[in-house]
Every structure is written in C-alpha cells, then in structure tokens.
Amino acid sequence: MFVQQQAIAILDSGVGGLTVAKEVMRQLPREKIIYFGDTARTPYGPRSPEEVTLFTEQIVDFLIQFKPKMVVIACNTATAAALEHIKRKLTVPVIGVIHPGARAAISSTKTGQVGVIGTIGTIHSGAYTAALKELNPVIDVVSEACPEFVPLVEQGQFGTPKATLVVEQSLSEMKQHPIDCLILGCTHYPFLMNPIQEVMGPDVKLISSADETAREISTVLYQKGQLARGNEVPIHQFFCSGDSEMFSKIAHQWLGEQIELTPIVWQVSNPS
C-alpha cells in the first residue's frame, strides 16, 4: 500500500474527537480515517496524567495495527499528558490539539487578552498557557476548567436547555474578563459552540482546536508528500469502548451520515 492511501488515526476520550474528524472529512475528503473513542473511560479530565498516558498508549497500540500514516491525539487532556511520550514511541507523525489552537489564538487576538476553557486535567497542566507564552511572552491568559461540559456532550445533551444553563453557570467568571478570543481547549466543546458564543457575546471570537488541528494535519501531510490521491471515496472506520448506540447517534448527528462502528471491549478503570 502506498503511504498516501494509508489512514489517519484519530483518538479521543470519547466523541469529542469527532469534531476533528468532521473537519478532516471536510478539508481532506480523500483521506481515510480510523477513529477510536474511549467512551467507556471518559472523561479523562479528572484522571492523573499517568493514567491518561497509559490509556493513550493502549489506544495507540490498538490503532497502529492498521498501519496509519499519522496519529492525531484529538483530546486536549491526552495531548497535555502524553503527546511527547507517543511521539517518542512512533515513527509516523503524531499531532496534538494544543499548539494549533494556541497559534490560532495568537493570530486572532487584537488585545493580547486570551481565555482558555478545558477539562480539569488540561487546565491544571498549564499546557495552553505555556504554548501561548512560547509564541508571545506578553500575552495575558485566563484559564477556566469546565468539568461539566464533557459529560453533557457524551450523553448527547449538547442541544438541550440544560446545556445552555450549564454553560451560563460555568462561564460566569470567564465572562467578566476583558478577553477578545476564547480557546475551546477540549474537542468536545465545539458541540456547545452556540451556547458558549451566546454567553460570551459577539465580541469574543471562539477558537476551535478541532478546526486548527485539521489544518495542521493537511500541512504536515502536504509537506511529506503523503496526501491521499485519486478519486476513490474513503470508507472510514470507527471504534468505541463504551455505549455504541449513543456513540452512533452522536456521530450521525454531528457528521451527518451513518458510520461503520465496531464496539471494543476495553478494561475500564474509574477515576480514583
């Protein structure tokens, strides 16, 4: 098999990485995707970095059997905890979702006041602040953990009045800061884009790490001469470790098409 026709492997703690998958399907329609959502062990946010790294490594070991040309860690918590470890482990390119989002925010902000929302694990890691400061040392960063967002999305409640209420409550403090852009530092959060924008107001630009990560994937594959060729329509493969019915429902709603889903029996470990 020519490397151009090999798949892009995308992994996430659950359905959040579907936001990345959707953008890859839109921007790179020739590319085949193999996706793994660890829905049995979501959310990753409350877990230790060591546990998140272990889970990420287990999923990567599963995905490598398909000989992908690239691995995308489409989970901010896993990117913060495990990106460098997985990069050392693999010979194919490995992309995370934090630096693409940070670069987009630096390009977008006019005031130098940037907000970041994410899981507890992502916010506590300081990964976004470090990435932003690396690009612009004088940038002012305000971070806020929103632990209730991921469970809402995983339960398919992102379009409900409950979701709107949770977003309003969770962003009450962030709204008080004079930021002009807000990084959605979790790939689940674009599911809540509308209520987040409504709460933050029209003067705050929302930065989706999913959109920017898809652009990064395109750039890396182009530079390596590995973009898929031909007019063949790819058949994507999806795997999940938890509720396959809910995963399929959310995937169909988000991607606008039925998917080929294979449930995987996974050893589940609960947060301590």
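Bear in mind that the values in this text are calculations on the coordinates, not laboratory data. The model shown is predicted, which means the values in this text are computed figures rather than measured ones. Backbone-built Cβ (ideal geometry, glycine too); neighbour counts: all protein chains shown.
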Within the chain, which is the longest segment that contains none of the GluC sites (Glu not before Pro) sitting in a DSSP loop with at most 10 other Cβ atoms within 10 Å? 1-172
If you fit an axis through the alpha-carbon atoms of helix 98-108 and take the longest principal axis of the Cα set of the chain, what angle between them do you get, 0 to 90°, nearest 10? 50
Using only Cα atoms and rounding to the nearest 10 degrees, what angle (0 to 90) does helix 18-27 make with the longest principal axis of the chain? 70
Calculate one ³J(HN,Hα) per residue across the range 146-159 by plugging θ = phi - 60° into the Karplus curve 6.51 cos²θ - 1.76 cosθ + 1.60, and present them in order as whole Hz with x for glycine and proline. 10, x, 7, 6, 4, x, 4, 5, 5, 8, x, 9, 6, x
Note: the range 98-209, point scatterers on Cα, Debye, no solvent; log10 I/I(0) at q = 0.21, 0.23 Å⁻¹ equals -1.10, -1.31
Expressed as a whole percent, how much of the Cα-Cα distance distribution for the range 188-272 exceeds 20 Å? 62
Cα atoms only: what Rg and Dmax, in Å, come out for the range 129-188? 13.7, 39
Assign unit charges at the C-beta atoms only (+1 for Lys and Arg, -1 for Asp and Glu), then state the dipole size of the chain relative to its Cα centre in Debye, rounded to the nearest 20. 800
Rounded to the nearest 10 degrees, the helix 209-223 long axis (Cα) sits at an angle to the longest Cα principal axis of the chain of 40
Exposed loop sites here are chymotrypsin sites (Phe, Trp or Tyr not before Pro) in DSSP loop states with at most 15 other C-beta atoms within 10 Å. What is the longest stretch of the chain lacking them? 67-272
